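Q: Before I ask anything, let me first share the structure, which is written out below as structure tokens.
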Amino acid sequence: MLVPLPRLTPTVYVGGVEVEPTYYGRSPCCSRLDQIQFRVPSNVTGSNVPVAVQIGNVVSNFTSVAIASEGGSLLCSEFEKYASYADFSDRTSAPDA
């Protein structure tokens, strides 16, 4: 006899800050695809912000994302030392072919 597993709530960590998911479950568009949606905390920024998910006692692999401050430049501060903002400020869409 199959016993249903309890539904466990995932915990998301963004830059070490615990974030409650706004949605977790099946993707509405794609079969066999689960997803977790969450809001990025306003106090977390950087070019290499770690993200991980914990369900029960199991922690996922870590990944990283670049997060700019609200109203901030398009570049994270770590990249600004390599290129000037002017190099990227006019690129709001894909370059012309």
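Q: Given 0.36 nm per residue, what is the gain on full extension from GLU70 to SER47 after removing their alpha carbon distance, in nm?
A: Result: 6.9 nm gained on full extension.
Q: Would you mind calculating the gained length between VAL58 and SER31 on full extension (0.36 nm times residue separation, minus the Cα-Cα distance), in nm to one decimal?
A: Contour length minus the Cα-Cα distance gives 7.3 nm.
Every number in this text was worked out from the coordinates using simple rules, so none of it is lab data. Owing to the predicted nature of the structure, the values given are computational and were not obtained by experimental measurement.
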